[in-house]
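Scroll down for the structure; my scribbles are underneath it.
The values are calculated or read from the model by the stated rules, or taken from the named source; none is laboratory data. The structure presented is a predicted model; accordingly, all values stated were derived computationally and were not measured. Using ideal geometry, Cβ is built from the backbone for each residue, glycine included, and neighbour counts are taken over all protein chains shown. The accessibility values were calculated without ligands, DNA or RNA, using every heavy atom of the protein model including side chains. Shrake-Rupley method; radii C 1.70, N 1.55, O 1.52, S 1.80 Å.
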Amino acid sequence: MTQVDTAGTGQGSPADTGVPGAGAGAAAAGTGGTRRARIHRAIRALSRPGLWKRGPVPAASALVLGLLMLVHAQITDSGGLGSLVETFLPWFGLFVPVLLAVALWRRSASAVVALLLPALVWLNLFGGLLGDRSRSGGDLTVVSHNVGAENPDPAGTARDLAASGADVLALEEITQQSRGTYEKELAKAYPYHSVQGTVGLWSKLPLSDTRPVDIRQDVGPLGDTKPAEAKMADNRALRTTVATDHGPLAVYVAHLGSVRVNPRAGFWTDSRDRNARALGEALAVEPNERVVLLGDLNGTMDDRAFDGITSQMRSAQDTAGEGFGFSWPAAFPVARIDQILVHGVEPTSAWLLPETGSDHLPVAAGIRW
């Protein structure tokens, strides 16, 4: 067959050379050449000194952020600085995309590379909390709620909590005025209960060996002269034994001291830290092998103030919850200060209950033996 010189060059077209695959080979070679050219261009672009010299401030900020999260436990706690950092440590991750946007805007390769440090540190600290860690099953459901001293609807709060189906229900910040309301509204669902000062426990199962726990709320000369009945009215922790089908379960309910932020003292945590140490000491001598701690601890489990407690117990939320489980303030939660901690039992799930009239969200967990 006569070849047609379509280009007027005296040669046939590549497709008509009679060599099988010649066109495909040329296309492949062209693709490979294009890819190599792109790689070379990218290398040349990254080799420009300007890309690495731009953005020293975002690069330095990224390194400082990463180091701050990496060595948070070594930050001084003078003025409560260490506790303040550890309380809001999960939120430090928000600075990574902000700094990344700045780095891209400045076209700073050094800042982008520097951001690897805070990104990896944050993922190491909190990456495991991003998914759903819950499992099916559970022998007992426990709920804890700081009902709020200024709760405008304690009756409604009590009904909501009873509807949760909890087998064991712990309440904190019970006032003398609201105590009767909670006892009345919860009586039908919970035949057993005990209130010790401002904390209480309601249970569908029998209770025994119930007593207040001294968490050193009253100290110093004024505390020493305070009468016992006055101290009892302000008691903020209790311990009891719940009789379950699997054996006795020791349950602690605690409401640790509040923290304050003010210009002179900084992040003031003295009362809370003292309470945490006392509670840790009480837990250390608990004879029961199975223990649950419920309460408003006024701090996150990343805070060093709770080392004496977290060394003995583990968080149901961290083990079997979904996400961070922030519980306070109820309108826009930024920290989980309401805790369910366990020892000797297995948490299978942990979750938040709907908002009540309190400024805290109720926290719940399922446990099994």
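Below are the figures for this structure:
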quantity	calculated
Residue match in the range 311-323 (condition: assigned to a helix (DSSP H, G or I), open to solvent by 20 Å² or more (accessible area, probe 1.4 Å) and either in contact (Cβ under 8 Å) with a residue 60 or more places away in the chain or of a type in the set (F, W, Y) (or both))	yes
Restricting the range 101-121 to residues that are open to solvent by less than 40 Å² (accessible area, probe 1.4 Å) and assigned to a helix (DSSP H, G or I), the residue that is farthest from D270 (Cα to Cα)	A109
Matching residues in the range 292-309 - criterion: being outside any loop (DSSP other than H, G, I, E, B) and open to solvent by less than 10 Å² (accessible area, probe 1.4 Å)	V292, L293, L294, G295, D296, F306, I309
Unique match (being under 27 Å from R368 (Cβ atoms), of a type in the set (S, T, N, Q), modelled with pLDDT of 95 or more and touching a His at 6+ places or on another chain (Cβ under 9 Å)) among S203, S208, S194	S203
Residue in the range 155-166 that is basic (K, R), out of contact with any strand residue (DSSP E or B) (no Cβ under 9 Å at 6 or more places or on another chain) and not in a helix (DSSP H, G or I) present	no
Test for G357: is it assigned to a loop (DSSP other than H, G, I, E, B), open to solvent by 10 Å² or more (accessible area, probe 1.4 Å), at pLDDT 95 or above and closer than 21 Å to G200 by Cα	yes
Residue tally, condition of a type outside the set (V, I, T), open to solvent by 10 Å² or more (accessible area, probe 1.4 Å) and closer than 25 Å to R159 by Cβ, over the range 337-349	1
Number of the condition not met by D132 [criteria: (1) of a type outside the set (S, T, Y); (2) touching a Phe, Trp or Tyr at 6+ places or on another chain (Cβ under 6 Å); (3) open to solvent by 40 Å² or more (accessible area, probe 1.4 Å)]	(2)
Selection within the range 159-188 - under 20 Å from G366 (Cα atoms), small (G, A, S), without any contact (Cβ under 8 Å) to a residue 40 or more places away in the chain and open to solvent by less than 40 Å² (accessible area, probe 1.4 Å)	A162, G165
Within the range 356-369, tally of residues that are out of contact with any helix residue (DSSP H, G or I) (no Cβ under 9 Å at 6 or more places or on another chain) and of a type outside the set (A, V, I, L, M)	4
Failed condition for V98, given (1) of a type outside the set (D, E, K, R); (2) in contact with a helix residue (DSSP H, G or I) (Cβ under 8 Å, 6 or more places away or on another chain); (3) at pLDDT 95 or above; (4) open to solvent by 70 Å² or more (accessible area, probe 1.4 Å)	(2)
So A250, is it surrounded by 19 or more Cβ atoms within 10 Å (Cβ to Cβ), at pLDDT 90 or above and under 23 Å from T141 (Cβ atoms)	yes
Selection count, the range 258-287, where residues are surrounded by fewer than 18 Cβ atoms within 10 Å (Cβ to Cβ) and assigned to a loop (DSSP other than H, G, I, E, B)	7
Counted residues, the range 76-91 - those being open to solvent by 30 Å² or more (accessible area, probe 1.4 Å), part of a helix (DSSP H, G or I) and not small (G, A, S)	3
